[in-house]
Every structure is written in C-alpha cells, then in structure tokens.
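Below: the structure, in structure tokens.
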Amino acid sequence: MARQKCGGLDEQIPTGYLKIITMKKILPILLVAALFLPLSGSAKGKKLDNPFYCFNNAMTLPNAPTDYSEQARLVKELGLDGFGAKGEENYFAFRKALDLVGMKIPEIYIPFNIEPDKPAYNPLLKDLIKDSGNRDLLVSLHLHSEQYKNNKEEGDLRFVKLLTELADFAAQYHVKLAIYPHVDFYCESMDHTLKLVKMVNRPNLGAVLNLCHFLKVEGAENLEQKAKEAIPYLFMVSVSGADAGDTKQMKWDRLIQPLGKGSFDPYPLVRLLKENGYNGIFGLQCYNIKQDCREALTLSVKSWKGYKKRYAKEMK
C-alpha cells in the first residue's frame, strides 16, 4: 500500500493502482519526447548518393573522343552522373549533345576577373544563366587579377561588388555560383574563398573544395578541419587520386591521378563531408592525366562505386 494526499486527506491507495495512474501521466510525455529525440543508430541505412561527374578536362586525356556526342555517350556508358563543361563559347552545342543521351551538366568552369581593361566575364555567361534555370547548373568561377594579386584588401572589395551583382542576376533564374580556389590564381586557399563568400552573403553563392589545389596550397594537415568549416558553404567538391606526403612540393602528376591510384586516400574526406551534412556534387578532376581516357575514367568510376559500398557497409 502507498499513501497519497488527495483533497487534503490522507488516503491509502493500492500500490499497483498507483503505478497505473503514474504511467498514464508519464506515457504521453515519453511519446512526445520520442518524436524529437534521435533514434539510436539513426545513421543506419545511409547512402553515399551524391552525384559523381567528371570534369571537362577528362576529354584532354589520351585517346579521348573529340566529338561532343561521342564524349557524352562515353561518359554515360561508364556510369558517371554527369559531365562538366568549360567556357561559354561552346556551351549550347555541348549541352545539346548531352541532352540527346539524357546526361546533365552539373557544373561549368568560368574565368572571372577585375582587370580595369577587361570585362569581368564573357557576356555570353548571362545568356547561359538565363537558359539554365531548371537545369541544376553550378557556375564555378576561378578568379583572376594581376593588378590586385598583392593588394587583396582592395581587390576583395572589387570582386565582392561584381560577384554580388552576378549572384543577384543568377538568383532570378535559380542558378548557383561558386568560387573555385586555384593555385597561383587570385583566390588560392579555402580561407580566402570562404571570406569572399561571406562578404558577398548571397544564398546562391558558395564555395568549391578542390582537393588537388588544397593539397598543393595548404597541405593535408588541416584538410578535415577546413572541410568541416566549409560544409555550410560548399556547392561542389572535386576529388582525384593523389599521393600522400609533402603535397605542397609535389607536381600535378602526383596530385592528380585517377581515383583509386596514389597513396593518399580521399575516402575519409568524402565520408567526413557526407556525415556532416554535405549533399552536393562531387567532380572528378582529370587535369593532365597521362593514362588512356577510357581506362582512367573506368578506374575512377570503379573506385567511386567502391566508396559507395564501403560507406553503405559502415552504416549498417
């Protein structure tokens, strides 16, 4: 028996009945709480399902087809999720070839500069943006300025002004832009990229994490930390095979290899990004690889499929 005060009087209530009353009060609270608490093992069943496409420079590899239609068919046959474009001049012909085989252009690589005697970008870029409203196209911009390369304080303000104007224009067509850091260009590092992105402060302007350039400019030591910091702003991540070691001193033949080659393992980076909420695209960097085009792409796709299996196995 248990004692409980009711209406100011002491009453004796059977212990079993008291438990029932208590559970009736507590059960609804527990059910509501369960809706908001993460379930144990909630990561189970996750998939590495981000789109994986190849950069346009894949078609500079030995024995690569030169015709856009043949290139598009090869990329589709090998199982990639898309094929990147480069430059504005041939965009529409390139896009038509991909449309015919049901392939997407996830990203296009475009120069952007603030030299006083040059336009910031090719006027055709705006036509491209207008036409790409429903195509999930990312315009990745590599930044240039010889005049302000050593005067970043003033150069940044000029870039921010022009990037803001272009981002506002692109927003009308639901097109995203991203700053692409590149060694020896105006913007080389992840820190500088994020600084510019935050200064522009537009939701459709983000950043690119380019693995080979990060290794060349910043080294591998802070890669995971910088990647985590960048995730809220990342629109694209490029990957490739590479060698581990003093990457700042390495040449491109060691920093850009088919995925699956080299002693540096990109998988931990891919997993870290995915586990921390990155759902954007992954691009395959292929610059200056000397291997046969079909062989290099086949190995890279096989390696990416291996990443997917490895990730799914780890999430079980």
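Which pairs, out of 96/216; 104/305; 96/274, put more than 25 Å between their alpha-carbon atoms? Could you put the intermediate results ahead of the total?
Details: 96/216 36 Å; 104/305 19 Å; 96/274 32 Å.
Over 25 Å Cα-Cα: 96/216; 96/274.
Can you tell me the length gained on complete extension of the stretch residue 117 to residue 49, counting 0.36 nm per residue apart and subtracting the Cα distance?
Numbers: separation 68, 0.36 × 68 = 24.48 nm, distance 4.43 nm.
Full extension from residue 117 to residue 49 adds 20.0 nm.
In the calculated pair-distance distribution of the chain, the portion above 25 angstrom amounts to 57 percent of the Cα-Cα pairs.
Computed on the chain, with alpha-carbon pairs under 8 angstrom and 6+ residues apart, the relative contact order is 19 percent. The lysines whose alpha-carbon is closer than 24 Å to the alpha-carbon of residue 118, local same-chain residues fewer than 8 away aside, are 86, 126, 130, 149, 152, 161, 176.
Shown in residue order for region 254-265 are the 3J(HN,Hα) couplings computed by the Karplus curve 6.51 cos²θ - 1.76 cosθ + 1.60 at θ = phi - 60°: 9, 8, 10, 10, x, 4, x, 10, x, 8, 8, 9 Hz (x for Gly and Pro). Toward the positive end of the charge dipole of region 188-276, with +1 on the Cβ of Lys and Arg and -1 on the Cβ of Asp and Glu, the farthest Cα among 208, 273, 247 is that of 208. Seen against the Cα atoms of the chain and their longest principal axis, helix 68-77 is set at about 30 degrees.
Only Cα pairs within less than 10 Å get springs; with that Gaussian network setup on the chain, which residue of 258, 51, 106 has the largest fluctuation? Residue with maximal mean-square fluctuation among 258, 51, 106: 51. For the chain, the longest principal axis of the C-alpha atoms and the axis of helix 91-100 are separated by about 60°.
With every protein chain present, what is the per residue accessible area of the chain (1.4 Å probe, Å²)? Before the final figure, lay out each step's value.
Values: 16690 Å² over 316 residues.
Here the residues of the chain average 53 Å² of exposed surface.
For residue 168 and residue 93, a Förster radius of 30 Å and the Cβ-Cβ distance give a FRET efficiency of 0.55, rounded to the nearest 0.05.
When the gyration tensor of region 157-316 is built from Cα positions, what are the square roots of 5 times its three eigenvalues, in whole Å, from largest to smallest? Please list the in-between numbers first.
Details: eigenvalues 151, 68, 47 Å².
Here the semi-axes work out to 28, 18, 15 Å.
DSSP bridge analysis restricted to region 148-260 gives an antiparallel fraction near 10%, rounded to the nearest 5.
Hull surface divided by four, with the convex hull built on the Cα atoms of region 221-314: how many nm²? Let's see the in-between values first.
Details: hull surface 25.0 nm².
Mean orientational projected area (region 221-314, Cα hull): 6.3 nm².
Using a Gaussian network model of the chain in which every pair of alpha carbons under 10 angstrom is joined by a spring, one finds that among 112, 282, 169 the greatest mean-square fluctuation is at 169. Across region 89-206, counting alpha-carbon atoms alone, Rg and Dmax equal 14.5, 47 Å. Comparing 117, 184, 131 in a Gaussian network model of the chain (Cα springs below 10 Å), the most mobile by mean-square fluctuation is 117. Of all aspartates and glutamates in the structure, those lying under 13 Å Cα to Cα from residue 309, and not within fewer than 8 positions of it along the same chain, are 49. Apolar share of the accessible surface for the chain: 53 percent from carbon plus sulfur atoms, 1.4 Å probe. The separation of region 51-66 from region 171-196, counted between C-alpha centres, amounts to 23 Å.
The values are calculated or read from the model by the stated rules, or taken from the named source; none is laboratory data. Since the structure is predicted, the reported quantities are computational estimates derived from the model, not experimental observations. All Cβ positions, glycine included, derive from the backbone under ideal geometry; neighbour counts span all protein chains shown. Accessible surface is based on the protein model in full, side chains and every heavy atom, while ligands, DNA and RNA are left aside. Shrake-Rupley method; radii C 1.70, N 1.55, O 1.52, S 1.80 Å.
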